[in-house]
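S.K.: After the structure tokens below, expect a handful of questions from me.
The values are calculated or read from the model by the stated rules, or taken from the named source; none is laboratory data. These numbers come from a predicted model, not from an experiment. Cβ placement follows ideal geometry from the backbone for every residue including glycine, while neighbour counts extend to all protein chains displayed. We work out accessible area using only protein heavy atoms, side chains counted, and drop any ligands, DNA or RNA first. Shrake-Rupley method; radii C 1.70, N 1.55, O 1.52, S 1.80 Å.
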Amino acid sequence: QVQLVESGGGSVEAGGSLKLSCAASGITFVYYVMGWFRQAPGKERELVAGISAGGSRTYYVESVKGRFTISRDNAKNTVYLQMNSLKSEDTAVYYCAADGRANAWGDSRSREWDHWGKGTQVTVSS
């Protein structure tokens, strides 16, 4: 019923760019906080970026500030993650997540988020 479908992952050379998309269905998208998490082998899942329901508030983990941009188009029920100046340490599976709490956009606790996509692999070669 609830579906979050990521797309746009792939392989890119260090310094390159990639744009991820997440199309949502089965939820009232305009009322949901959206986020992007990532998990690399041997590491904990971390919140990379979050955005409030209206799009006015954002969060970025320190390691991606100035390089990544999260945005949303509520008319298209889609959230995006623009990734620039990619580094090898950005290599991970990236997951789209949705949550009904208004303040969840900065919540790094993955277990608190309501809905998840299946993930998309991003590989950055150096």
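S.K.: Just need a number here: residues in segment 82-121 that are in a helix (DSSP H, G or I), under 21 Å from Glu62 (Cβ atoms) and open to solvent by 60 Å² or more (accessible area, probe 1.4 Å). Break it down into steps so the answer makes sense when it comes.
M.R.: Initially, segment 82-121 is screened for residues in a helix (DSSP H, G or I), giving 88-90, 104-106, 110-112.
Now drop any that are not under 21 Å from Glu62 (Cβ atoms), which leaves 88-90, 104-106, 110, 112.
Filter once more, keeping what is open to solvent by 60 Å² or more (accessible area, probe 1.4 Å): 89, 112.
Qualifying residue count, segment 82-121: 2.
S.K.: Right, next: I need every pair where a residue in segment 105-126 that is over 18 Å from Val33 (Cα atoms) and without any contact (Cβ under 8 Å) to a residue 60 or more places away in the chain has its Cβ under 6 Å from the Cβ of a residue that is in a loop (DSSP other than H, G, I, E, B) and aromatic (Phe, Trp, Tyr), sequence separation at least 6 or different chains.
M.R.: Close Cβ pairs (under 6 Å, with a partner that is in a loop (DSSP other than H, G, I, E, B) and aromatic (Phe, Trp, Tyr)) do not exist here.
S.K.: Among the residues of segment 33-52, write down those that are open to solvent by 40 Å² or more (accessible area, probe 1.4 Å) and either more than 14 Å from the chain's Cα centre (by Cα) or small (Gly, Ala, Ser) (or both).
M.R.: Within segment 33-52, the first condition is being open to solvent by 40 Å² or more (accessible area, probe 1.4 Å), and the residues that meet it are 39, 41-46.
Of everything in segment 33-52, those that are open to solvent by 40 Å² or more (accessible area, probe 1.4 Å) and either more than 14 Å from the chain's Cα centre (by Cα) or small (Gly, Ala, Ser) (or both) turn out to be Pro41, Gly42, Lys43, Glu44.
S.K.: Could I ask something else about it? Val30 fails exactly one of the following numbered conditions: (1) more than 14 Å from the chain's Cα centre (by Cα); (2) touching a residue at least 12 places away in the same chain (Cβ under 8 Å); (3) in a loop (DSSP other than H, G, I, E, B). What is the number of that condition?
M.R.: All conditions pass for Val30, except number (3).
S.K.: Could you please find all residues in segment 53-70 being open to solvent by 50 Å² or more (accessible area, probe 1.4 Å) and either part of a loop (DSSP other than H, G, I, E, B) or of a type outside the set (Val, Ile, Thr) (or both)?
M.R.: If the condition is that a residue be open to solvent by 50 Å² or more (accessible area, probe 1.4 Å) and either part of a loop (DSSP other than H, G, I, E, B) or of a type outside the set (Val, Ile, Thr) (or both), then Gly54, Ser56, Arg57, Tyr59, Glu62, Ser63, Lys65, Gly66 are the ones that fit.
S.K.: Residues in segment 44-51: is at least one among the charged types (D, E, K, R), touching a residue at least 60 places away in the same chain (Cβ under 8 Å) and assigned to a strand (DSSP E or B)?
M.R.: Checked against the condition, which is being among the charged types (D, E, K, R), touching a residue at least 60 places away in the same chain (Cβ under 8 Å) and assigned to a strand (DSSP E or B), segment 44-51 yields at least one hit.
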